[in-house]
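Beneath this line is the structure, given in C-alpha cells, with notes to follow.
Rule-based calculations on the coordinates, nothing more; no lab input. Treat the numbers as computed from the prediction; the structure is a model and nothing was measured. Every residue, glycine as well, gets a Cβ built from its backbone with ideal geometry; the counts of neighbours run over all protein chains shown.
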Amino acid sequence: MNRLEAFAMVSAPGQPLEMIEVDVYGRSCRDYKYAPQSLRDLYQQNLSDKTFVVFEQERYSFLDIWAAASAFGSGLVKDYNIQKGDRVAICLRNYPEWIIAFEAITSVGAIVVAMNSLWQADEIYYGLQDSDCSLLIADQERCDLLSKTNLDPYPTLVVRGDNDGTLARWEDLQQRHKNASMPEVAVAVMDDVMILYTSGSTGRPKGVVSSNRAVISALLSWEIAIYTWLLTKGIPIEPPAEQPAALLAVPMFHVSGCHAVFLSAFRSQTKLVLTRKWDPTQAAALIEQEHITGFTAPAAMTADLTHHAKKGGHNLSSLVMVGGGGAARAPEQVRDIDVAFANAMPNTGWGMTETNAIGTAIAGEDYLERPGSSGLPAAVLDIRIANKEGHALPAGTQGEIQIRGTSMFRGYWNNPEATAAAHVDGWFKTGDLGYLDEEGYLFIVDRIKDMVIRGGENIGCGEVEAALLDHPQIREAAVYSVPDERLGEEVAATIFCDSQINEAELREFLAPRLAKFKIPRYIRQSNDSLPRIASGKIFKLQIRQDARTAILKE
C-alpha cells in the first residue's frame, strides 16, 4: 500500500481520524471530525488509573493529576478570581506541578503563558507585562531570581518553595481546595488557550497565541502520520502490548516538550518520566528502569544519548523511537541512532512555535534513505516554496518555506504589525530557506532569519546585539552562528570598541541582561569599524564567514 492509499484509508468517513473542512479565521482548512473540542475535553476523555507522571520518587496516575488540577483550578477561580481569557504564567522546571497548572489554567478558560525558565529576571518581567498576566506560578529558583531585582513585585504562587512566607504557597492552595471539582467554564474550540514566547530575529521575544483547535489539530496530525506510516510498512494498527513511556527531558516551555511529548501523552496513555535537567547517564538509567519506549529531543541531546549507548552500561532495548526536532541532525547522527540502539528507529520533524510544533515529519527507513530531509507535510498544513515576490516555486527550487493551515497560531500577542509582516496572502513566512523534492519531502538549506539555534533554543541575534551595545565601550556589534558539533550552532559575536575590553568583564556585564545560553561563546574584537554593505548595514555575512574560518583554525 502506498502512502496516498494509506492516508485515504485512515482519514476516510467513519474513521476515528476522519478529516473534514472547517473554518479557521475565515479560511477553509482541514481538521478532524471527531477531535476533542478543547484541551479540557482532551484531558477528561483520557482519564485512567494508568501511571501518567513519574518524577524521582513521585508517581501519579492520569486521575491523580486531574484531581490535583481540579483543586488548583478551583483555587484559581475562587482565590485569584481568574476569569475566562485571563493570562496565567508558568515559569518553573519540569516538575509535576507544571503539568497540573497547565491542565488547570486551560480547563478554566484562562490562557496559559508558558515562560522560558532559563530567562533572566528582566526577561521574565517583560513576558509578564507584555502578556498582562494576572498570576505567576514559579519555583523557588525563579522567585529568588526575581527577588534580587528592583522590579515591582508580581502576584506569585511559589512551587516547592522554601520562602519565608512572603509568597503564597502552592501546597496551601492545594490543601484549601482538596477534593474540589474543576469549575465549569464554557470553552470553545477557537478560544485562545496558550501563549508561548519565541525569539525573533530582532528585539524582544513575541508571544505566539494559539487556539484549542490549533493545538489539538497538531496532536492528531502526529497520530495520522504514524498510522499512515504503519500501513505503508504493512504493520498492523493495534494497541501496544505494554503502556508506552516517554522520557521528558526537554523543557515544557518548548513546543517539542509541551506538544510532542506532554500533550501527546493523553490519547496514547503514555507514561511521562520527568527530569529536572539533562544528564545522559541519568537518562540512560531512567530508560532502563522505567522501560522508556520513546525519547524526543534536540539533536544535541539525542547525540549525547547515542554516545552513551555506544559505550554501553545500560540496557536501552526498550527504546523503539528516538525522535528529533528543534535543530537539524547531521546525517551521521541519523545513522548512528540506527546502529547504537537495538530496537529504536530514528525520526525527526520540522515545525515552529507558530505551527504548534508540526510541519513535516520523517521516520525509519524513509529517514535513513533521506537523512538530510525534514520529511513530508503534516495532514492539516499546506507548505510551499516561494520567491521574494511571493510566487510559488517548482520542486527542486530553493526559496522561502511558507506554510498555512489549521494548526497555525492566531497571531502575535498585542502585535498586529508583526503578525501582518509575518504573512503574505495567507501564508506564514517561516524565514527558513529550503526546497521540496519531486516526492514532496522538505529539505531545509539555511535560514533567512537572523537567528541562532543552539541545541534547540532559538536565540535572536538582535536581542544579543542590543545587550552588547548597552556596554559603554562597544560601538558596533554583530552576532551570528558558528557550527558546533554537539549543539548544532553556537553564539558568536564580533564587536568594535573604543578600547580593548576584558572578555571576562564583558561576560559579567552580560550576565544580568541575557539568559546564560544566549551569551556568546566566542567574542572577537575588531580594531576597526565593522564592514558594511552599500546600504550602510553591517555586512554580517562577511563577518560570519571570516569568524567561522578563524574559529575553526583555533
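With a sphere of radius 14 Å drawn around the Cβ of THR353, what net charge do the other residues whose Cβ falls strictly inside it have (Lys, Arg +1; Asp, Glu -1)? Could you put the intermediate results ahead of the total?
Numbers: positive: LYS206, ARG410, LYS449; negative: GLU354, ASP432, GLU457.
Overall, the nearby charge balance is 0.
Determine ³J(HN,Hα), in whole Hz, for all residues of segment 45-61 in sequence, where each value follows from phi through the Karplus function 6.51 cos²θ - 1.76 cosθ + 1.60 and θ = phi - 60°; x replaces Gly and Pro.
Karplus-based 3J(HN,Hα) across segment 45-61 equals 6, 10, 7, 7, 8, 5, 5, 10, 10, 10, 9, 6, 8, 8, 9, 9, 8 Hz.
Against the globular-protein guess of 2.2 N^0.38 Å, express the Cα radius of gyration of segment 110-244 as a ratio, rounded to two decimals.
Cα-based Rg divided by the globular estimate yields 1.42.
Need one word for segment 330-420: rounded, prolate or oblate. Basis is the Cα gyration tensor (sqrt eigenvalues a ≥ b ≥ c); a/c below 1.5 gives rounded, then a/b vs b/c decides.
prolate
Below 8 Å between Cα atoms, with a sequence gap of 6+, how large is the relative contact order for the chain in percent?
Values: 1136 pairs, mean separation 65.0, N = 554.
Relative CO of the chain lands at 12 percent.
How much FRET efficiency would the formula 1/(1 + (r/R0)^6) give for ASN343 and GLU21, where r is the Cβ-Cβ distance and R0 is 35 Å, rounded to 0.05? Don't jump to the answer; show the numbers that get you there.
Details: r = 40 Å, r/R0 = 1.13.
E(calc), rounded to 0.05, equals 0.30.
Looking at the chain, identify the longest residue range that excludes and avoids all trypsin sites (Lys or Arg not before Pro) in DSSP loops having at most 10 other Cβ atoms within 10 Å.
Details: sites that count: LYS148, LYS277, LYS388, LYS537.
With trypsin sites (Lys or Arg not before Pro) excluded where exposed in loops, the chain gives 389-536 as its longest stretch.
Could you compute the net charge surrounding THR293? Neighbours are other residues with a C-beta less than 10 Å from the C-beta of THR293; K and R count +1, D and E count -1. Let's see the in-between values first.
Values: positive: LYS271; negative: GLU242, GLU290.
So the environment of THR293 carries a net charge of -1.
Which Cα, out of ILE337, VAL380, VAL77, lies furthest along the positive dipole direction of the chain (beta carbon charges, K/R +1, D/E -1)?
VAL380
Only Cα pairs under 8 Å and at least 6 apart count here; give the relative contact order of segment 453-553 as a rounded whole percent. Mind dumping the intermediate values first?
On the way: 141 pairs, mean separation 26.2, N = 101.
Relative contact order for segment 453-553 comes out at 26 percent.
Report, in cubic angstrom per residue, the convex hull volume of the C-alpha atoms of the chain.
It is 163 Å³ per residue.
Summing +1 for each Lys or Arg and -1 for each Asp or Glu, what net charge is found among the other residues whose Cβ lies under 11 Å from the Cβ of ARG486?
Result for the neighbourhood of ARG486: -4.
Of the GluC sites (Glu not before Pro) in segment 211-310, which ones lie in a loop per DSSP and count no more than 15 other C-beta atoms within 10 Å?
GLU242
Rounded, prolate or oblate: which fits segment 133-197 when a ≥ b ≥ c are the square roots of the eigenvalues of the alpha-carbon gyration tensor, with rounded for a/c under 1.5 and prolate only if a/b beats b/c? Show your work: numbers first, answer last.
On the way: a/c = 2.96, a/b = 1.39, b/c = 2.13.
Note, shape of segment 133-197 comes out oblate.
Given the C-alpha centroids of segment 407-421 and segment 251-285, what is the distance between them in whole angstrom?
Distance between centres, Cα-based: 28 Å.
Amide H of ILE111: which non-local residues (sequence gap of 5 or more, or other chain) have their own amide H closer than 5 Å, using H built in the peptide plane?
Residues meeting the criterion, in which the H sits 1.01 Å from N, are GLY85, ASP86, ARG87, VAL88.
Along the charge dipole of the chain, Cβ charges K/R +1 and D/E -1, which of GLN243, GLN140, THR549 sits furthest on the positive end?
The residue sitting most towards the positive pole is THR549.
Restricting to segment 414-554, compute how many DSSP beta bridges are antiparallel as a %, nearest 5.
80 percent
I'd like the Karplus ³J(HN,Hα) series for segment 367-384: coefficients 6.51, -1.76, 1.60, θ = phi - 60°, whole numbers in Hz, and an x wherever there's a Gly or Pro.
6, 5, 6, 10, x, x, 9, 9, x, 9, x, 5, 5, 9, 10, 10, 10, 9
Amide H to amide H, which residues 5 or more places from ALA515 or on other chains are under 5 Å from it, using H placed in the peptide plane?
GLN120
Convex hull volume of the Cα atoms in segment 453-553, per residue, in Å³?
Roughly 104 Å³ of hull volume per residue.
From the phi angles alone, apply the Karplus equation (6.51, -1.76, 1.60; θ = phi - 60°) to segment 96-110 and give each ³J(HN,Hα) in whole Hz, x where the residue is Gly or Pro.
For segment 96-110, the Karplus curve yields x, 4, 4, 5, 4, 5, 4, 4, 5, 4, 6, 7, 9, x, 7 Hz.
Using DSSP to call loops (not H, G, I, E or B), can you name the GluC sites (Glu not before Pro) in segment 392-463 whose Cβ has at most 13 other Cβ atoms within 10 angstrom?
Loop-located and lightly packed - GLU438, GLU439.
Can you list which of the chymotrypsin sites (Phe, Trp or Tyr not before Pro) found in segment 18-52 are DSSP loop residues with at most 14 other C-beta atoms within 10 Å?
Of the chymotrypsin sites (Phe, Trp or Tyr not before Pro), the ones in loops of segment 18-52 whose Cβ has at most 14 other Cβ atoms within 10 Å are TYR25, TYR34.
Just want the answer: with Cβ charges of +1 for Lys and Arg and -1 for Asp and Glu, which residue in TRP170, PRO155, SER28 is farthest toward the dipole's positive end in the chain?
SER28
Once you have a ≥ b ≥ c as the square roots of the Cα gyration tensor eigenvalues for segment 229-356, tell me rounded if a/c is under 1.5, and otherwise prolate or oblate according to whether a/b is larger than b/c.
Since a/c stays below 1.5, the shape of segment 229-356 is classed as rounded.
Taking amide H positions as placed 1.01 Å from N in the peptide plane, with prolines and chain starts having none, which residues 5 or more places from ILE82, or on another chain, fall under 5 Å of its amide H?
It is VAL77, by chain and number.
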